[in-house]
1. Which of the numbered conditions does residue 325 fail, given that it passes all the others? Conditions: (1) farther than 23 Å from residue 117 by Cα; (2) part of a loop (DSSP other than H, G, I, E, B).
2. (1) touching a strand residue (DSSP E or B) at 6+ places or on another chain (Cβ under 9 Å); (2) at pLDDT 95 or above: which one isn't true of residue 340, the others all being true?
3. Does residue 139 qualify as being closer than 30 Å to residue 258 by Cβ, part of a loop (DSSP other than H, G, I, E, B), in contact with a strand residue (DSSP E or B) (Cβ under 7 Å, 6 or more places away or on another chain) and modelled with pLDDT of 85 or more?
4. Could you list, ordered by first residue, the pairs with Cβ atoms under 6 Å in which the first is in region 99-119 and free of Cβ contacts under 8 Å to residues at least 40 places away in the same chain and the second is in a helix (DSSP H, G or I), at least 6 apart or interchain?
5. Can you run down the residue pairs with Cβ atoms below 8 Å, 6 or more apart or on separate chains, where the first is in region 7-31 and assigned by TED's automatic domain parsing to the domain that holds residue 92 and the partner is in a loop (DSSP other than H, G, I, E, B) and at pLDDT below 75?
6. Name every residue in region 219-234 that is at pLDDT 95 or above and out of contact with any helix residue (DSSP H, G or I) (no Cβ under 6 Å at 6 or more places or on another chain), in order of residue number.
7. Keeping to region 330-352, report how many residues are in contact with a helix residue (DSSP H, G or I) (Cβ under 7 Å, 6 or more places away or on another chain) and either buried (at least 16 other Cβ atoms within 10 Å of the Cβ) or assigned to a loop (DSSP other than H, G, I, E, B) (or both).
8. When you go through (1) assigned to a loop (DSSP other than H, G, I, E, B); (2) more than 27 Å from the chain's Cα centre (by Cα); (3) free of Cβ contacts under 8 Å to residues at least 12 places away in the same chain one by one for residue 285, which number turns out not to apply?
């Protein structure tokens with residue numbers, strides 16, 4: 001029998017929002033991880049907010065909404081707030097009931113800026129990582145480091161002379177010699193002109209670095225630096241210093257890390273550098289004392305695994321060209337996206 005297309009809607013719903021979400025939906029397990037991490041940050045949240053005034057958006061709901069923005073690659077806060085208005089899955093994940101009003105996009109952005117000024121992203125990253133460590137998902141001995149360029153939210157026209165010798169708007173820069181010593185971006189002064197390799201186009205960028213463990217490819221450390229000198233090498237050593245424990249570990253890296261600064265720095269920190277040898281027109285800093293061991297070949301074989309997290313951060317974590325200016329805000333976003341990647345990876349590693 002044919003059903004009738006009735007346009008009249010019901011006034012009441014007797015199905016709860018919890019019952020509308022499938023029991024096997026991946027966001028259910030991710031929310032358990034997130035709720036446990038947010039519960040451990042109550043003291044940090046209390047320090048960010050005053051005891052007087054009107055109640056603002058709960059930081060727990062705000063961070064869950066930002067997590068959804070990364071998970072589903074929602075390009076703007078306005079679109080995120082719009083989907084929170086009618087998407088039942090998003091409402092359930094954030095913690096909004098069916099009748100709760102959704103925030104204004106401007107109010108959402110202003111409250112988000114309060115979190116950007118704190119270290120909430122780094123604390124949340126550590127809280128999620130501790131859960132993975134408790135489930136024995138992390139390797140304590142073998143790691144891989146790599147870096148990538150994060151394009152800044154600034155145009156080439158903003159890269160103008162520091163001494164204001166060019167009174168123009170910077171649009172006629174073709175054929176001019178420009179360098180980071182003589183020029184600076186007026187839009188994002190902390191960004192630097194950098195390129196991925198010889199023959200590549202130079203863009204205003206930052207240096208994003210990650211350190212993963214080799215067992216399951218989870219990100220254990222992040223570092224976002226300014227593109228200056230040996231930024232990639234120095235960031236790798238800084239991340240290795242923050243590893244817990246005092247036992248000897250190994251770290252794999254590509255040929256860009258085959259230099260005296262990184263290799264000797266690793267050995268000073270009781271870290272065995274399993275760096276790929278760069279022998280083109282030079283002598284490698286890695287000799288047979290390292291390459292003769294079977295562990296070196298295993299680290300070289302596992303090294304490409306770091307490309308997966310970096311590609312995810314740039315493609316799905318909205319870091320190909322993030323809409324933030326300044327190293328502090330961009331580092332907050334970089335760490336937050338790394339935390340979201342770990343949540344997705346942990347969800348995939350858990351048995352059904």
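1. Among (1) farther than 23 Å from residue 117 by Cα; (2) part of a loop (DSSP other than H, G, I, E, B), residue 325 violates only (1).
2. Of everything listed in (1) touching a strand residue (DSSP E or B) at 6+ places or on another chain (Cβ under 9 Å); (2) at pLDDT 95 or above, residue 340 misses just condition (1).
3. Values: closer than 30 Å to residue 258 by Cβ: yes; part of a loop (DSSP other than H, G, I, E, B): yes; in contact with a strand residue (DSSP E or B) (Cβ under 7 Å, 6 or more places away or on another chain): yes; modelled with pLDDT of 85 or more: yes.
Judged against the criteria, residue 139 is a match.
4. From region 99-119, the pairs are 102/81; 102/84; 102/85; 105/77; 105/78; 105/81; 109/77.
5. Every condition considered, the pairs that remain are 24/352.
6. The answer is 220, and nothing else.
7. From region 330-352, those in contact with a helix residue (DSSP H, G or I) (Cβ under 7 Å, 6 or more places away or on another chain) are 332, 335-343, 346-347, 350; that's our starting set.
Subsequent filtering for residues that are either buried (at least 16 other Cβ atoms within 10 Å of the Cβ) or assigned to a loop (DSSP other than H, G, I, E, B) (or both) retains 332, 335-343, 346, 350.
Of the residues in region 330-352, 12 are in contact with a helix residue (DSSP H, G or I) (Cβ under 7 Å, 6 or more places away or on another chain) and either buried (at least 16 other Cβ atoms within 10 Å of the Cβ) or assigned to a loop (DSSP other than H, G, I, E, B) (or both).
8. Only one criterion is unmet by residue 285, namely (3).
The values are calculated or read from the model by the stated rules, or taken from the named source; none is laboratory data. Just so you know, these numbers come straight off a predicted model, no measurement behind them. With ideal geometry, Cβ positions are generated from the backbone for all residues, glycine too; neighbour counts draw on all protein chains shown.
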